[in-house]
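Visitor: Have a look at this one before I ask anything.
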Amino acid sequence: GTGHKLNDLRDRVEDLSPEAVLDLPLSTRAGMQVEGLVEDRWPIKNVIGYLPGTSGMEWCQICLGHKLIVVMVQYDSPPVGPNGEIYPAANDNASGLAVMLEAIRVMQESDYQPYKSFVFIAYSGEGLDGGAYVDEKEVHRFLQAKTGFNKFELEAVIHLLGLGAGSGDRLNVAAGGSLRLTELIEEAASQMNVKIARADEVIDIGIIYDENTGLNDGGHEAPFVRLSWEGWDAYAGLPADTVETISNDYLEEAGRTLAMALMILGREVNY
C-alpha cells in the first residue's frame, strides 16, 4: 500500500548523500498563494546606518572589521504638554543628531576607510514620535535590526547629547572609568583646539577592569562614552530649548572633535 511505498522511499533517501537527494526528481508539485497588503509611507521610529570595516573579514590575522563602534543619538522631543506646551528640543537633542550626521558626512566625503565597522543610530526615545524610553546602554535591541550585527565584537558605544549649547565653554566626556576612550577623545579635542574636561561621574569598576568583553559575554559589553557641553541641560525638557540657544561655534567644535575621535578609533588598535 501507500505506507510501504513511503517507507521504501525513505529508506532509499537515507542511503543517499545530501547532494544526491537534491538531484532526485520530484513527482509532486507544490504551490502557494499569499495575500498581502503593500504599505506606503510606513512610519519608522529608529534609523540605523551601517559603515562596514575594510580590514579583511576573512583570511586575516587581526580582523579589525569584526570590531564594532556604535554612535547613538536620540532625535525626538517630549510629547505636547498637558497645557499644549511645545518642546522644541533644539539642544536636547537635535544638536547631537546634527553633529553625528556632520561627522558621517566628513568621513564619507574625505574617502576615509575605517578598518573597524560603525553603526550609527538615531532613535526615538522621548515619545513625540511614539518611541519608548531607551536606556542609554541598551544597544542590543538596535543590533537586532540586521542579521550578523550580534556577531561583532562591540568595542565602544558613543552617546551624543547636548552639543549645541551649554553654560560652560568646554566639552565634557564621561566614560564611566574607561581611561582609554576618555584619553582618545581628549586627544582628538586637543588636535582640534577644543577645550575638554572629564565630567564628574561615578566610576564603573567593571569597565575599568574589563574593556574587551563581547556582545554575548557577561558583565558590561563595552566602554560607554557620553559627549556633551558643560551645562548642556540648562533648558533640557523645557519650552525654552529653542534654536536661538544654539551656538554654531559649539556645534562646529563638537563636530570636529567627534569626527577626529571616530577616525582614530576606526583604525587604531593601541590608542
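Visitor: Can you name the residue in the stretch 224-239 that is in a strand (DSSP E or B) and more than 10 Å from Ala165 (Cα to Cα) and, of all such residues, is most open to solvent (accessible area, probe 1.4 Å)?
Guide: Step one: filter the stretch 224-239 for residues in a strand (DSSP E or B), giving 224-229.
Next, from what is left, pick out any that are more than 10 Å from Ala165 (Cα to Cα): 224-227.
On the way: Phe224: 20, Val225: 0, Arg226: 80, Leu227: 3 Å².
Within the stretch 224-239, the match that is most open to solvent (accessible area, probe 1.4 Å) is Arg226.
Visitor: Tell me yes or no: at least one residue of the stretch 249-271 is hydrophobic (A, V, I, L, M, F, W, C), open to solvent by 70 Å² or more (accessible area, probe 1.4 Å), in a loop (DSSP other than H, G, I, E, B) and on the phi < 0 side of the Ramachandran plot.
Guide: Yes, the stretch 249-271 contains a residue that is hydrophobic (A, V, I, L, M, F, W, C), open to solvent by 70 Å² or more (accessible area, probe 1.4 Å), in a loop (DSSP other than H, G, I, E, B) and on the phi < 0 side of the Ramachandran plot.
Visitor: Same structure, new question: Quick check on this structure: which one of Leu97, Leu68, Leu64 is open to solvent by less than 20 Å² (accessible area, probe 1.4 Å), of a type in the set (A, V, I, L, M, F, W, C) and at pLDDT 80 or above?
Guide: Leu68
Visitor: Assuming Asn193 fulfils every condition listed in (1) open to solvent by 20 Å² or more (accessible area, probe 1.4 Å); (2) part of a loop (DSSP other than H, G, I, E, B); (3) at pLDDT below 90 apart from one, which condition is it?
Guide: For Asn193, the failing item is (3).
The values are calculated or read from the model by the stated rules, or taken from the named source; none is laboratory data. No experiment lies behind these values; they were computed from the predicted model shown. Surface areas here come from the heavy atoms of the whole protein model, side chains and all, with no ligands, DNA or RNA. Shrake-Rupley method; radii C 1.70, N 1.55, O 1.52, S 1.80 Å.
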